[in-house]
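The values are calculated or read from the model by the stated rules, or taken from the named source; none is laboratory data. It should be emphasised that the depicted structure is a prediction, and the values quoted were computed from it without experimental measurement. Neighbour counts are summed over all protein chains in view; Cβ atoms, including those assigned to glycine, are modelled from backbone coordinates with ideal geometry. Remember, those area values only see protein heavy atoms, side chains included, never the ligands or the DNA or RNA. Shrake-Rupley method; radii C 1.70, N 1.55, O 1.52, S 1.80 Å.
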Amino acid sequence: MAALQKIRSHGPLLIGVIALGLFAFIAGDAWKVIAPRQSQDVGEVNGKKISAQDYQALFEEYADAVKFSQGLTALTDEQNDAVKDQVWQAYVNNQLIENEAKKLGLTVSDEEVQDIIDQGSAPILANTPFLNQTTGAFDKDMLNMFLVNYSSMNASNTSADVMQQYQQVYKYWTFIEKTLRQNRLAEKYQSLLSMSLLSNSVEAQNSFDARTTQTDFLMAALPYSSVLDSSIVVTDSEIKARYEKKKEQYRQLVETRDIRYIDVQVEASDEDRAALEAEMDEYTQQLTDEVADYTTFVRQSGSEQPFINLYYTAKALPSDVVARLDSVEVGGVFGPYYNAADNTINSFKKLEVVNMADSIQFRQIQVTGDTQARVQELADSIYTAIRGGAQFADIAQRYGQTGEPVWISSANYEGAQVDGDNLRYINAITTLPQNQLTNLNLTQANVILEVVAKKAVQPKYKVAVVKRPVEFSKDTYNKAYNNFSEFVAANSTYEKMVANAEDAGYRLYTQGEVQSSDHTIGSIRNTKDALKWVFEAKAGDASGLYECGESDRLMQVAVARVNKVGYRPLALVQDEIKRELIREKKGELLLAKAEGASLEQLKTMDEAVSDSVKRVSFSSPAYVAAIGGSEFVLSADALVGQQGVASAPLKGNYGVYVLQPYAQNKTNETYDASTEKVMLQNNKVNIARQQFGNDLYLKANVKDTRYLWF
């Protein structure tokens, strides 16, 4: 169905279009099948629980939409994880908005949704199959025609393939329609929020002046780095007082865990490598002889690089092979050699090098029939007629085909598995001389091919590559497993694991702020079971042994700390607060030192630095190269300072400064009060969204327990 191809041309994941991103909320592997009538909850929002079955249904709906838009039959593990998180975040957002909208009386009627469809301007509609081929815009008439056709379809007199295609498109459309309704409700709530935050002419003028006025100034500074941290005394009572003052900044929205873990990556032993090198020596020797079938030979060698009997550009070959191609004559063999980039041992034989076109224009007529004999007879007749002077396009149209020429290049087939009829088809197109015709006999049909034009001539190669990864043996894995299993059994607590890991030859890794919505530990694949254990364990517990990665890693995890929802304890943030207080006390100390000093006097002080800073406005911090940091305080003072007059000492984030403006100018921007007001209003709304979103999230008591089942 043509609609399938149209939607696939709008490839990116739908995430950006589907989710409005109204709030910035803090959001496992593939679904574990749940037995019928079994009910487990995977989350809760505003007291409303969502079951694993309902969440799975939302996930499948969203995943099907992504696969449909991408033309995929399946998603990768990473794509599945991304979809699961998007589904959860969208569910939470929708629940929060629906709850608030209900209190405010905000609804979305069927008529509103239909009006959005009629207008056709919603961005998500551009990701549907219903696009006008001329304008590229959403076409409601195409949609209506599809819905009419779908409603009148009868499975008894419609082919299964056609019925399935229509059902896929209809399912995708219902998803789009539901999303339109959810987005519209969110837009209404957002609009209500926006209209409550206004700007005025005075604020607009001040904002414009501050943004467009640029100042150049001279500067001298006493960096905080000139004072030793050890010389500054910060008491526990000062730290506690600052903690109480800034306590809201330390609010934690979700429970997290701090963990330590051992990751053992099993690698090939010297014996494993020696055995592989012996095999590669044998394969290299066989390559030097004449091989009857390189495709079979390379496959049986266990090579990661298959041999396909086509001419390929150099970019289709492994980079390590390409780097050595010029070192080998045609018919020569190179190797064995080790390639560290992909941990492989390699040998290759340079079979052929030819200069040939990479872009080929061809046309074709596909010939089918009830029997193979009838197909062959008809194809021979067409082939003879065209060779005798009949017009290719006229005959193609007689058989319901356009016969229009199309272009193909190596980019269309390099990197893909090409075999059977596909191999014969591509080989015929790429090797047929220009303006020549062939009658190609394939399994299901005959194809009359004619090459019309060729261009982009370049070198192409046939190279048989044996590329073998240096892998560990079963014995090597068992040895690593047994050794680590003994360590895990003897170190079953956090304290023991941490104390004894390095002595046993294992490296300890730390990962803080682990959330239940994370998908891996240490970015290591297939650690879902270990992650699930982390959130079932208590502080001080150590896990058993987990096999993870690509069946090449062993892991033990221990929980160092459980960080509950609420205010983070003083003990976890006191170092951060202490650094802040030290910086402030350094500022006070250096302020006193700089008191009454002129710019020139400050320059002469020990550890002082000086600089010239240009084009500083109030809307952006001044970057001071001599300090290596940006200072907002300088931007503010430069705007109001008098030219030629040094400022009083100013305390910043990285030092104490005295500045002296020497030039000021305006940008060429023209003041527009309405534009400035809208910009200010949007800035306020963006800040409010974040604050309101977090407040709604906290109030809703959101619980995310998906890790138990996914």
Practice problem: With just the Cα atoms of the stretch 615-664, tell me how far they stretch along each of the three principal axes, in Å, largest first. | Solution: 25, 21, 16
Quiz item: With +1 on each Lys and Arg Cβ and -1 on each Asp and Glu Cβ, how big is the dipole of the stretch 552-710 about its Cα centre, in debye rounded to the nearest 20?
Solution: 780
Quiz item: What do you reckon, how do Lys528, Lys677 stack up by accessible area (1.4 Å probe), largest on top?
Solution: Lys677, Lys528
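Computing the accessible area with a 1.4 Å probe over protein heavy atoms, can you report the carbon and sulfur percentage for the stretch 262-323? Don't skip to the answer; put the middle values down first.
On the way: 1500 of 3390 Å².
Of the solvent-accessible surface of the stretch 262-323, carbon and sulfur hold 44 percent.
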Quiz item: Along the charge dipole of the stretch 129-239, Cβ charges K/R +1 and D/E -1, which of Ala160, Thr213, Trp173 sits furthest on the positive end?
Solution: Ala160
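Between Val291 and Leu72, what is the FRET efficiency for a Förster distance of 45 Å, r being their Cβ-Cβ separation, to the nearest 0.05? Numbers along the way, then the final one.
Numbers: r = 37 Å, r/R0 = 0.82.
Efficiency, from the Cβ-Cβ distance: 0.75.
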Practice problem: With +1 on each Lys and Arg Cβ and -1 on each Asp and Glu Cβ, and nothing else charged, work out how big the dipole of the chain is about its Cα centre, in Debye to the nearest 20. | Solution: 1660
Quiz prompt | Among Asn500, Pro469, Ala480 the positive-end extreme of the charge dipole of the chain (Cβ point charges) | solution = Asn500
Quiz item: Largest first, what is the accessible-area ranking of Glu111, Glu248, Glu203, Glu676 with a 1.4 Å probe?
Solution: Glu111, Glu248, Glu203, Glu676
Quiz item: Which label belongs to the value computed from this structure, given these candidates for Rg and Dmax of the Cα atoms in Å: (1) 26.4, 94; (2) 34.6, 105; (3) 28.9, 96?
Solution: (2)
Quiz item: Any idea how many Lys pairs in the stretch 489-619 come in under 29 angstrom at the alpha carbon, given 8 or more places apart or on separate chains?
Solution: 18
Exercise. Could you tell me which trypsin sites (Lys or Arg not before Pro) in the stretch 134-192 are loop residues by DSSP with no more than 15 other beta carbons within 10 angstrom of their beta carbon?
Key: none
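Express as a percent, rounded to the nearest 5, the fraction of DSSP beta bridges in the chain (both residues included) that run antiparallel.
Antiparallel bridges make up about 100 percent of those DSSP assigns within the chain.
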Practice problem: Taking the dipole about the Cα centre of the stretch 635-705, with the C-beta of Lys and Arg at +1 and of Asp and Glu at -1, give me whichever of Val640, Ile687, Val656 is farthest to the positive side. | Solution: Ile687
Self-check item: Inter-centroid distance (Cα atoms) of the stretch 147-206 relative to the stretch 260-319, Å
Solution: 50
Quiz item: So how much accessible area does Phe146 have, in Å² to the nearest 10, using a 1.4 Å probe?
Solution: 10
Quiz prompt | Ser51, Ser156, ranked by accessible area, largest first (probe 1.4 Å) | solution = Ser156, Ser51
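When a/c is below 1.5 the answer is rounded, else prolate if a/b is larger than b/c, else oblate, so apply that to the stretch 580-710 with a ≥ b ≥ c taken from the square roots of the Cα gyration tensor eigenvalues. Write out the running numbers ahead of the final one.
Values: a/c = 3.23, a/b = 1.57, b/c = 2.05.
It is oblate, given that a/c is not under 1.5 and a/b is not larger than b/c.
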Quiz prompt | Estimated dipole of the stretch 341-402 in Debye, rounded to 20 [Cβ of Lys and Arg +1, of Asp and Glu -1, Cα centre] | solution = 100
Exercise. Please work out whether the stretch 637-692 counts as rounded, prolate or oblate from its C-alpha gyration tensor, where a ≥ b ≥ c are the square roots of the eigenvalues and a/c under 1.5 means rounded, while otherwise a/b larger than b/c means prolate and anything else oblate?
Key: oblate
Quiz item: Near Lys454, which lysines are there with a Cα under 22 Å away, not counting those fewer than 8 places off in the same chain?
Solution: Lys315, Lys462
